[in-house]
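The values are calculated or read from the model by the stated rules, or taken from the named source; none is laboratory data. Because the structure is predicted, anything quoted here is derived from the model rather than measured. Positions of Cβ are backbone-derived with ideal geometry, glycine not excepted, and every protein chain shown enters the neighbour counts. Only protein heavy atoms, including side chains, enter the accessible area calculation; ligands, DNA and RNA are left aside. Shrake-Rupley method; radii C 1.70, N 1.55, O 1.52, S 1.80 Å.
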Amino acid sequence: SQTIHQWPATLVQPVGSPLSLECTVEGTSNPNLYWYRQAAGRGLQLLFYSVGIGQISSEVPQNLSASRPQDRQFILSSKKLLLSDSGFYLCAWTHRIGEQYFGPGTRLTVT
Amino acid sequence: SQQGEEDPQALSIQEGENATMNCSYKTSINNLQWYRQNSGRGLVHLILIRSNEREKHSGRLRVTLDTSKKSSSLLITASRAADTASYFCATDEGKDDKIIFGKGTRLHILP
């Protein structure tokens, strides 16, 4: 069976510090991978998606970046965090267009 | 970009009543999905309806799709306290692997 992992679960970082959130998928190959951000009580904002290793599509221009160094690994990064980067970050995978499977999320607070 | 828009934003009903949530979208789609999110958790897939389908059932869930009106509805029958959650619709845009979520409906089931 497939599983998706995200870590850390919670993170408190000061403004200007770097960020690295990791997402890995087990039990499948060549998935589409997605990063979403959810502000408190709001919907999901698509940040990045990837259809293959090294292929990243960015939806929102900002100080965040994503990388896919391996088939089942998706990393969200920032060199310098802003207060506005606070939120709930969700990683998801799917096989092409279909049901998405979400990770447990990372709650990021930038102070 | 925002594709799906749920209506209402929030809904409170008595346990045992039916809950109906609506979703409207803007562009042609291949399929539409509904997801559920408990507070502070990842999203869980509920049901997927393809563009050539008009209605689909899964347990107490009934989803309809009207592509001419670019709208969908999610009906939860005989609601239970455990149905309290946020519900999101999600659509592809018909041309790539992006999946876009609406802002969600917060459903509260009153005992």
Quiz item: Once the whole set of protein chains is in place, how much accessible area is left on residue A:77, using a 1.4 Å probe, in Å² to the nearest 10?
Solution: 30 Å²
Quiz prompt | Lys pairs under 29 Å by Cα in the protein assembly as shown, provided they are eight or more residues apart or on distinct chains | solution = 22
Quiz prompt | residue A:77-residue B:61 pseudo-label distance in nm [points 7 Å out on the Cα-to-Cβ vector] | solution = 3.7 nm
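If you stretched the chain out fully between residue A:109 and residue A:29, how much longer would it get, using 0.36 nm times the residue separation minus the C-alpha to C-alpha distance?
Values: separation 80, 0.36 × 80 = 28.80 nm, distance 3.22 nm.
Using 0.36 nm per residue and subtracting the Cα-Cα distance, I get 25.6 nm.
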Quiz item: If one computes P(r) from the Cα atoms of chain B, what percent of pairs lie at distances over 25 Å?
Solution: 15 percent
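On average over all directions, what projected area in square nanometres does the protein assembly as shown have, based on the convex hull of its Cα atoms? Could you put the intermediate results ahead of the total?
Values: hull surface 48.3 nm².
Result: 12.1 nm².
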Quiz item: Which value, in debye to the nearest 20, describes the size of the charge dipole of chain B about its Cα centre when Lys and Arg Cβ atoms bear +1, Asp and Glu Cβ atoms bear -1, and nothing else is charged?
Solution: 80 debye
Quiz item: For peptide B:41-47, how many partner chain Cβ atoms fall within 10 Å of a residue's Cβ, on average?
Solution: 6
Practice problem: Pick out which of A:82, A:90, A:47 has the largest mean-square fluctuation in a Gaussian network model of chain A, springs linking Cα atoms closer than 10 Å. | Solution: A:82
Quiz item: With charges only on Cβ, +1 for K and R and -1 for D and E, what is the dipole size of the protein assembly as shown about its Cα centre, in debye, rounded to 20?
Solution: 160 debye
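Extension gain residue B:41-residue B:18, at 0.36 nm per residue separation less the Cα-Cα distance, in nm?
Result: 5.9 nm gained on full extension.
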Practice problem: Give the relative contact order (percent, whole number) for chain A; include only Cα pairs under 8 Å separated by 6+ residues. | Solution: 36 percent
Quiz item: Across the residues of A:44-51, average count of Cβ atoms on other protein chains within 10 Å?
Solution: 4
Exercise. Distance between Cα centroids, the stretch B:58-111 to the stretch A:46-91: provide it in whole Å.
Key: 26 Å
Exercise. Would you work out which of B:52, B:85, B:72 lies farthest towards the positive end of the dipole of the stretch B:12-87, given +1 charges on the beta-carbon of Lys and Arg and -1 on that of Asp and Glu, about the Cα centre?
Key: B:52
Quiz item: Counting only DSSP beta bridges with both residues in the stretch A:3-110, what percent are antiparallel, rounded to the nearest 5?
Solution: 90 percent
Quiz item: Roughly how crowded by other chains is peptide B:98-108, in terms of the mean Cβ count from those chains within 10 Å of each of its Cβ atoms?
Solution: 4
Practice problem: Using θ = phi - 60° and the Karplus relation 6.51 cos²θ - 1.76 cosθ + 1.60, list the HN-Hα couplings for the stretch B:32-44 in order, rounded to whole Hz, with x at every Gly or Pro. | Solution: 10, 10, 10, 10, 10, 9, 7, 3, x, 10, x, 7, 10
